[in-house]
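J.: Dumping the structure here so I can ask a few things about it.
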Amino acid sequence: MHSQLRVLRVLVEDNPGVMARVSGMIRRRGFNIETITVGPSTEPGRSRMTLTVDAGHAEVDQVAKQLDRLIEVIEVEDITDAPTVSRELLIAKLDKVPPTVEQYGARQLATGIVELTADSETVEEFIEFLKPFGIKELARTGPVAMRRSA
Amino acid sequence: MTGADMVLEALEREGVEIIFGYPGGANLPLYQRLPAHPKLRHILVRHEQGAAHMADGYARATGRPGIVFATSGPGALNLVTGLCTAFMDSVPMIAITGQVPTAVVGRDAFQESDVIGCTQSVTKHSYLVTKVADIPRVISEAFHIAATGRPGPVLIDICRDVQQAEGGDFEYSYCSVLPGYKPALEPDLVQVERAAEMLAGARRPVILAGHGVILSHAEQELLEVAERSGTPVGTTLLGVGAFPVQHPLALHMTGFMGTGWNIKAVQNADLLMMVGMRVDDRVTAKLSEWAPKAESFVHIDIDASEMGKNVRPHLEVVADAKRALTAMAPYVKPPPADRGEWLTQIDAWREEHPLKYSRSNGHLQPQDVLIDMYRRCQDEAIVVADVGQNQIWAALWWNYTKPGLFLNSGGSGTMGFAFPAALGAKFGRPDKDVWCVAGEGGFVMTAQELSVAVEHQVPVKIVLLNNFSLGMVRQFQDDFYGGVRSEVDLTVMPDFVKLAEAYGLKARRVDRYEEIKPAFDEAQATPGPFLIDFRIDPEANVYPIVPLGKGLDDFWELPNGA
């Protein structure tokens, strides 16, 4: 992952419009967000977001504080420097699926379609690897992350 | 109970006494039930922006949230400027807007607009209510959010069918806790002790006080810390009144239209302690040239996101200003022996760079108007200023000794704010004399509210500083944009005395110095509203001023021989 990228874990109330509030705040404060992923958390009525922000320390501190100001944001945590696991999902439609995809831990999902779950760096490498095989369509989720157990 | 009754009942429970509003298609159910709630006084404005500014003025003058009603679409959108004004200056307000019925939301129904979307960046929080059962909870949360922590406006958008729906029994509980909202009130004691040590260790310290000091009523604590530590204190525009201007340690207003001695002190300070302020561009001018000799910055503010937003402090105290200063006071040490040198230097700058104006061209000078006004009001009246030259003159030429007497739109700089805000202030504080100081440009932007003043005989006295132009813009064009006077001429304006008379209030015109006193005498002797059209020097300027884009050190003063 790019060295300037920082990872924020955000717990939000699962209300309509909360994504608009988060993304609107990010836009109007002029922050540069690389990815946002969102999904239900273990707590009912709350969602978990993972944001990757292209910024140095000072700016990401402002992103975290501005996010925390939002009433529906319950918790913001910068986990960039913590030991974490981070994964993203990629699916790609190819002209021809090479037999060696398994060396990346990828697998074939359907005719011409492969899936990989890996850290973002490996996903990037895998895309480079696939290019000669004719990528017709590609979708990736952006990373989700959490701290490792202590 | 219907949704509309629930709203009104909840407002009563929250102690609301007055609502500024305007009915329309999407809030008809609310207005149908309003007469059944006689404890709620409703002021029918003439434009929704007026309602928002009245609620804002009411809130600034009383400390309680101002309440606004408006209908959907254009009604709600007319609030946006007023919401932004309140948001930028941390003013508690609750706007309740009607929305089209739930069945047609999102279908471009008549007078539908995405009010939540349009106001998201100018509200502290907002709610779209689509279920009648949510009304009590939403209103109690809105009051909690608007009035606590760093205050701000909250908007509640309620679909018309929800207002009409039967909601069963009404149960109301006051909100005090929300999972994602925990205002930091108490300071960290280690940090306040450290702040006091840094203050004691500084040779040329300066304290700057902002609106947060006034909002938290910390003026006594500020005075104590300043006097015990022998530290001079300047204020921001919104902090005017937080520290008595006549005090020997007072630096008066800071920033790009601040006093010369304040600017000198800030630019030579080795420590700056900023209390309850945002350190915005009007305070710092060119940021890279601000406070170049400061070795340390201490920042005290209730909003953690202000830390490092503009200036990276060496010490952060995220807390309510009053609690932080109270906690700091026991650690504050008397000044070192050489403090006298710093204060003597500041006195010298005060002598060298006094506030001044010139009467040499024979025109009526705005400063003379304000000085006469101050002489008769002293510390008892509330002055609500508009935006532009009138605002800065009113900030600098009154000797405010108490907080809460000078109200203005500092962050948003909203022209047209002063008059409706003055009405709101007077509705909230009938015991206080309330004066509106405005230029003619800003005044006509919301002058339709003269009908409200007449209808309710609100005794607000309007001091129009009429210079026949957009004075501040004209000054910027003259001073910083090559002297090209472009679209600033306002010589074609109504006859303000006749305009006032047409609305039904008394008014008077003043062209000469000798007429100031009798005009004010008449205004004060007249019950109800009164307007004085002071036709001031069209070339009068605000000084000191820092050219746009320059650092504070480059401040200009009144040119010699002017």
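Read the figures in this text as sums done on the coordinates, not as results from a lab. No experiment lies behind these values; they were computed from the predicted model shown. Using ideal geometry, Cβ is built from the backbone for each residue, glycine included, and neighbour counts are taken over all protein chains shown.
J.: Quick one: if you stick a label point 7 Å off each Cα along the C-beta vector at residue A:107 and residue B:344, how many nm between them?
T.: About 8.5 nm separates the two model spin labels.
J.: Using a Förster distance of 30 angstrom, determine the FRET efficiency expected from the C-beta separation of residue B:185 and residue B:337, and round it to 0.05.
T.: With R0 = 30 Å, the Cβ-Cβ based efficiency is 0.25.
J.: Averaged over A:61-72, how many beta carbons belonging to a partner chain fall within 10 Å of each residue's beta carbon?
T.: Mean inter-chain Cβ contacts per residue within 10 Å come to 5.
J.: Measure nothing but the geometry: give the 0 to 90° angle between the long axis through the Cα atoms of A:120-130 and the longest principal axis through the Cα atoms of chain A, rounded to 10°.
T.: Value to nearest ten degrees: 30.
J.: Separation between the residue A:57 and residue B:39 pseudo-spin-labels, each 7 Å from Cα along Cα→Cβ, expressed in nm?
T.: Going from the residue A:57 label point to the residue B:39 one covers 5.4 nm.
J.: Return a whole-number percent for the relative contact order of segment B:3-164, with Cα pairs under 8 Å and 6 or more residues apart as the contact set. Mind showing how you got there, number by number?
T.: Numbers: 351 pairs, mean separation 43.6, N = 162.
Normalised by residue count, the contact order of segment B:3-164 is 27 percent.
J.: State the percent of C-alpha pairs, over all pairs in chain B, separated by a distance greater than 42 angstrom.
T.: Considering chain B, 23 percent of its Cα-Cα pairs are separated by more than 42 Å.
J.: May I ask you to list the trypsin sites (Lys or Arg not before Pro) in segment A:37-103 that are in a DSSP loop and have at most 12 other Cβ atoms within 10 Å of their Cβ?
T.: A:96
J.: I've got another one for you. Placing unit charges on C-beta atoms (Lys and Arg positive, Asp and Glu negative, everything else neutral), compute the dipole magnitude of segment A:1-125 about its Cα centre in debye, rounded to 20.
T.: Details: 14 positive and 21 negative charges, 91 e Å.
My answer is approximately 440 debye.
J.: At a threshold of 8 angstrom on Cα-Cα distance, excluding pairs fewer than six apart, so keeping six or more, what relative contact order does chain B reach in percent?
T.: Taking the mean separation of contacting Cα pairs over the length of chain B, I get 14 percent.
J.: Could you order peptides B:289-298, B:449-458 by the average number of other Cβ atoms within 10 Å of their residues, highest first?
T.: Most protected by this proxy first, the peptides run B:449-458, B:289-298.
J.: Among the listed pairs B:264/B:293; A:65/B:182; A:65/B:124; B:402/B:517, which have their C-alpha atoms separated by more than 19 angstrom in this model?
T.: Result: B:402/B:517 exceed 19 Å.
J.: Can you classify segment A:31-112 as rounded, prolate or oblate using the Cα gyration tensor, where a ≥ b ≥ c are the square roots of its eigenvalues, rounded means a/c under 1.5, and otherwise it's prolate if a/b beats b/c and oblate if not?
T.: Since a/c reaches 1.5 and a/b is larger than b/c, the shape of segment A:31-112 is classed as prolate.
J.: Let a ≥ b ≥ c be the square roots of the eigenvalues of the Cα gyration tensor of segment B:189-352; is it rounded (a/c under 1.5), or, if not, prolate (a/b larger than b/c) or oblate?
T.: It comes out rounded by the Cα gyration axes.
J.: Evaluate peptide B:116-127: per residue, the Cβ atoms of other protein chains within 10 Å of its Cβ; return the mean as an integer.
T.: Taking the mean over all residues of the peptide, I get 3.
J.: Using a ≥ b ≥ c from the Cα gyration tensor of segment B:104-152 (square roots of the eigenvalues), is it rounded, prolate or oblate, where a/c under 1.5 gives rounded and otherwise the larger of a/b and b/c decides, a/b for prolate?
T.: Working: a/c = 4.31, a/b = 1.51, b/c = 2.85.
Because a/c hits 1.5 or more and a/b fails to exceed b/c, segment B:104-152 counts as oblate.
J.: Which value results when the Cα radius of gyration for segment B:285-416 is divided by 2.2 N^0.38 Å?
T.: This ratio for segment B:285-416 stands at 1.36.
J.: List the lysines whose Cα lies under 16 Å from the Cα of residue A:136, skipping any in the same chain that are fewer than 8 positions away.
T.: Counting by Cα, and skipping residues close in sequence, residue A:136 has these lysines nearby: A:93, A:96.
J.: For residue B:274, what residues show an amide H to amide H distance below 5 Å, using hydrogens built from the backbone and excluding near sequence neighbours?
T.: Answer set, sorted by chain and number: B:208, B:298, B:299, B:300.
J.: Please give me, ordered by residue number, the trypsin sites (Lys or Arg not before Pro) of segment B:342-404 that lie in loop per DSSP and have at most 13 other Cβ atoms within 10 Å.
T.: Sparse-neighbourhood loop trypsin sites (Lys or Arg not before Pro): B:356, B:359.
J.: Helix A:57-69 sits at what angle to the longest principal axis of chain A, using alpha carbons and giving 0 to 90 degrees rounded to 10?
T.: 70
J.: Using only alpha carbons, build the gyration tensor for chain A and give me the equivalent ellipsoid semi-axes, biggest first, whole Å.
T.: Working through the eigenvalues yields semi-axes of 31, 16, 15 Å.
J.: Divide the volume of the convex hull of the Cα atoms of the protein assembly as shown by its number of residues and quote the answer in cubic angstrom per residue. The partial results should precede the final answer.
T.: Values: hull volume 138.3 nm³, N = 712.
Hull volume over Cα atoms, normalised by residue count, gives 194 Å³.
J.: From largest to smallest, what semi-axes in whole angstrom does segment B:475-552 give when each is the square root of 5 times an eigenvalue of its alpha carbon gyration tensor? Intermediate results must be reported in sequence, preceding the final value.
T.: Details: eigenvalues 220, 52, 25 Å².
In descending order the semi-axes read 33, 16, 11 Å.
J.: With an 8 Å Cα cut-off and a minimum separation of 6 or more residues, compute the relative contact order for segment B:72-193 in percent.
T.: Normalised by residue count, the contact order of segment B:72-193 is 32 percent.
J.: Considering every residue in B:322-332, what mean count of other chain Cβ atoms within 10 Å of its Cβ is obtained?
T.: 0
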